[in-house]
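J.: Before I ask anything, here is the structure I am working with.
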Amino acid sequence: MYITILAVGKLKEKYLKQGIDDYIRRLGPYAKVAVVEVPDEPAPETMSEAEIAAVKRAEGERLLGKLAPDAYTIALAIDGKAMTSEAFAAKLDDLATYGKSKIAFIIGGSNGLSDEVLRRADFKLSFSSFTFPHQLMRLILLEQIYRAFKINRGEPYHK
């Protein structure tokens, strides 16, 4: 399986980079994983709705430009479907079973994802009703992907 995580913004925090690198290493026996970053759009702290939409649209164009046309696309969105770790594992297993060997997860910037990206997504996934920093979300997502592979293989993993 080939997994791509498309994310807005450059990761700067060393501790997050170390955690992400660790989970990518752990995932090595199960899947080929790549994290692809696209530049975030410069934006002031306070913006109008129109300015927020313009930022999301610009970032969305960059994300879609990096998306493989044949990838099954999962957008991380607060209004997406919430799942347990076991249900997420079953979803990944089903995708692999039905020939979806390329999966792309999309993480938006601090303002979220554009409507164009959300329309392109095959599935919208929510990790929580909480809002998480998009940089931290990369680490959380990779941990859950790793957990899913461990669940699907019946291998032990800490609770």
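J.: If you take the residues in the stretch 39-57 that are under 18 Å from the mean Cα position of the chain (by Cα) and surrounded by 13 or more Cβ atoms within 10 Å (Cβ to Cβ), which one is farthest from residue 125 (Cα to Cα)?
T.: Here the residue is 40.
J.: If I ask for residues that are among the aromatic types (Phe, Trp, Tyr) and modelled with pLDDT under 95, which ones from the stretch 90-118 would you list?
T.: 98
J.: Just to be sure I understand, how many residues within the stretch 73-83 are open to solvent by 30 Å² or more (accessible area, probe 1.4 Å) and within 11 Å of residue 105 (Cα to Cα)?
T.: 0
J.: Among the residues in the stretch 110-117, are any open to solvent by 70 Å² or more (accessible area, probe 1.4 Å), of a type in the set (Gly, Ala, Ser), under 24 Å from residue 18 (Cα atoms) and not in a strand (DSSP E or B)?
T.: Checked against the condition, which is being open to solvent by 70 Å² or more (accessible area, probe 1.4 Å), of a type in the set (Gly, Ala, Ser), under 24 Å from residue 18 (Cα atoms) and not in a strand (DSSP E or B), the stretch 110-117 yields at least one hit.
J.: Now for a different question. Please work out which residue is surrounded by the most Cβ atoms within 10 Å (Cβ to Cβ), limiting yourself to the stretch 136-159 and to residues that are charged (D, E, K, R) and part of a helix (DSSP H, G or I).
T.: 138
J.: Any residue in the stretch 3-23 that is open to solvent by less than 20 Å² (accessible area, probe 1.4 Å), over 18 Å from residue 146 (Cα atoms) and part of a helix (DSSP H, G or I)?
T.: Within the stretch 3-23, not a single residue is open to solvent by less than 20 Å² (accessible area, probe 1.4 Å), over 18 Å from residue 146 (Cα atoms) and part of a helix (DSSP H, G or I).
The values are calculated or read from the model by the stated rules, or taken from the named source; none is laboratory data. Just so it is clear, the structure is predicted and the values come from calculations on it, not from any experiment. Positions of Cβ are backbone-derived with ideal geometry, glycine not excepted, and every protein chain shown enters the neighbour counts. Accessible surface is based on the protein model in full, side chains and every heavy atom, while ligands, DNA and RNA are left aside. Shrake-Rupley method; radii C 1.70, N 1.55, O 1.52, S 1.80 Å.
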